[in-house]
Amino acid sequence: MTSAIKSLADGQLGSTKATLYTAPAATQAIVKLVKLTNTTTSTVKCNIYFKASGGTSRRIIPYDMELEGQASFKSDSETLEAGDIIEGDASAATSIDYVISGIENS
């Protein structure tokens, strides 16, 4: 088994729920950190979800969490199996930057 510590995904949350990261086939991933940063001066609501392969989404941060202008939020540790995904959305597109860091074991 090979382990790689890496940035799993980064970008900006859109206004509709979208996939941010999918654990590759034959790979387990440990999400060590999800960092959200509001790049605007206004409060923006955001959601981050975990979805098991073939399952339904569940939130891993509070529903419509309000992130004040210029503020950041950090969430830690989720374990993903192959095909599991992390999803996200925000009340204002391109206002929340995200970085997902962790370890992939293949």
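Below are the figures for this structure:
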| read-out | value |
| --- | --- |
| Restricting the range 1-13 to residues that are more than 12 Å from the chain's Cα centre (by Cα) and outside any strand (DSSP E or B), the residue that is modelled with the lowest pLDDT | MET1 |
| Within the range 72-102, tally of residues that are of a type in the set (D, E, K, R) and outside any strand (DSSP E or B) | 2 |
| Qualifying residue in the range 50-71 (condition: in a loop (DSSP other than H, G, I, E, B) and crowded, with 18+ Cβ neighbours inside 10 Å) | yes |
| ASN47 vs. criteria among the polar types (S, T, N, Q), under 10 Å from the mean Cα position of the chain (by Cα) and buried (at least 16 other Cβ atoms within 10 Å of the Cβ) | yes |
| Test: residue in the range 16-38 that is closer than 21 Å to ALA93 by Cβ, β-branched (Val, Ile, Thr) and surrounded by fewer than 16 Cβ atoms within 10 Å (Cβ to Cβ) | yes |
| Residue within the range 34-43 that is more than 27 Å from SER106 (Cβ to Cβ), part of a loop (DSSP other than H, G, I, E, B), touching a Gly at 6+ places or on another chain (Cβ under 9 Å) and among the small types (Gly, Ala, Ser) present | yes |
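The values are calculated or read from the model by the stated rules, or taken from the named source; none is laboratory data. Computed from a predicted structure; not experimentally measured. Methodologically, a virtual Cβ is constructed for each residue, glycine included, from the backbone with ideal geometry; neighbour enumeration extends over all protein chains shown.
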